[in-house]
1. Please turn the phi angles of segment 154-160 into ³J(HN,Hα) values with the Karplus equation 6.51 cos²θ - 1.76 cosθ + 1.60 (θ = phi - 60°), one per residue in order, whole Hz, x for glycine and proline.
2. Once amide H atoms are built 1.01 Å from N in the peptide plane, which residues 5 or more positions from Gly110, or in another chain, come under 5 Å H to H?
3. How would you rank Ile136, Ile193, going from fewest to most other Cβ atoms within 10 Å of each one's own Cβ?
4. Using the crude model of +1 on Lys and Arg Cβ and -1 on Asp and Glu Cβ, and no other charge, please compute the dipole size for segment 65-212 relative to its Cα centre, in debye to 20.
5. Projected onto the charge dipole of the chain (+1 at Lys/Arg Cβ, -1 at Asp/Glu Cβ, origin at the Cα centre), which of Met183, Leu286, Ala270 gives the Cα projection farthest towards the positive end?
6. Suppose every Lys and Arg Cβ carries +1 and every Asp and Glu Cβ carries -1, with no other charges. What dipole size does segment 1-54 come out with about its Cα centre, to the nearest 20 debye?
7. Between Ala252, Ala170, Ala37, find the one with the highest GNM mean-square fluctuation for the chain; connect C-alpha pairs within less than 10 Å.
8. Dipole of the chain, Cα-centred, from +1 at each Lys and Arg C-beta and -1 at each Asp and Glu C-beta, to the nearest 20 debye?
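What follows draws every value from the coordinates through simple rules; no lab data is involved. These numbers were taken from a predicted model, which means no experiment stands behind them. Here the Cβ is made from the backbone with ideal geometry for all residues, glycine too, and neighbour counts use every protein chain on show.
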Amino acid sequence: MESESTVTTCYRHPKVESYVSCTRCERFICPDCMREAAVGHQCPECVKEGARSVRRARTVVGGRVSAVPLVTYVLIGLNVLAYLAELVDEDVVERFAVLGGLPPGYVPLGVAHGEWYRLLTGAFLHQPPTQGTFGILHIVMNMVSLWNLGRVVEAQLGRIRYLALYLLSALGGSVLVLLITPMVFTVGASGAIFGVGAAYYVLARRLGADMSQVNRFMAGLLLWLVISAGLTSWQGHLGGLLTGGTVALAFAYAPRDRRRPWIQAGACAALLVLLVVCAVLKAGQLA
């Protein structure tokens with residue numbers, strides 16, 4: 001007398017018959033649960049467990065490798081949106097530009113009167129449309145520079161470190177403007193972009209790249225810093241350059257062990273504290 005064969009079912013779908021088992025855990029799986037593997041098929045849980053055990057690729061500074069420069073795209077988008085807001089309402093510049101304060105007798109505005117957001121929002125604004133051709137060229141030149149430099153530096157740092165570098169460079173440029181020319185309305189992403197340019201130079205040296213082209217780029221950046229002294233805010237450019245270079249050095253030359261992320265984060269935090277203290281002291285003098 002023959003015995004009936006045991007019917008096997010998928011462990012995730014008990015009502016579905018299955019005769020194929022996962023090559024890793026040997027549980028039966030139905031066609032909907034099958035995931036192709038190097039040998040046979042695996043169940044979804046084993047696939048997830050295997051993905052967790054695979055070591056993710058890292059950049060030279062410890063960031064996650066990403067093929068798409070998402071942060072650069074977002075930053076460009078924010079700058080363009082801010083410029084469009086200026087087209088709709090030109091008072092946007094007056095409300096959000098970097099400004100330490102106005103002389104006595106004027107409407108109380110600026111960082112000295114509690115408008116601390118100006119130190120960052122000013123870095124996403126550009127010369128208003130009323131400036132004519134220069135106003136348009138201001139944002140176009142900055143966005144082209146950010147497009148060319150940002151994609152390279154973001155790939156070398158990883159998204160989180162790159163965003164930290166950009167924002168700290170923007171803040172560093174604004175703080176130097178506050179310290180030297182606190183009574184002047186200042187706008188532009190140039191300070192942050194100068195910081196990204198400094199990081200491009202530092203990382204190229206760290207990676208052992210051919211420095212001939214990089215040195216020419218840096219010479220051009222420094223030349224523009226000198227020329228811009230009579231055209232735009234050299235204070236913002238210099239502040240961004242120094243801040244970005246400092247952050248890049250901390251990222252690139254931190255020890256390559258478990259301490260690296262802590263040292264990098266600590267360097268960024270220390271620099272942030274320094275910038276905030278400088279801004280608070282200057283705001284106190286202005287107030």
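1. Karplus-based 3J(HN,Hα) across segment 154-160 equals 4, 5, 7, 9, x, 5, 5 Hz.
2. Counting only residues 5 or more places away or on other chains, the set is Glu115.
3. With the sparsest Cβ surroundings first, the list reads Ile136, Ile193.
4. 600
5. My answer, from the dipole projection, is Ala270.
6. Computed charge dipole of segment 1-54: roughly 340 debye.
7. Ala37
8. Taking the Cα centre of the chain as origin, the dipole is about 1100 debye.
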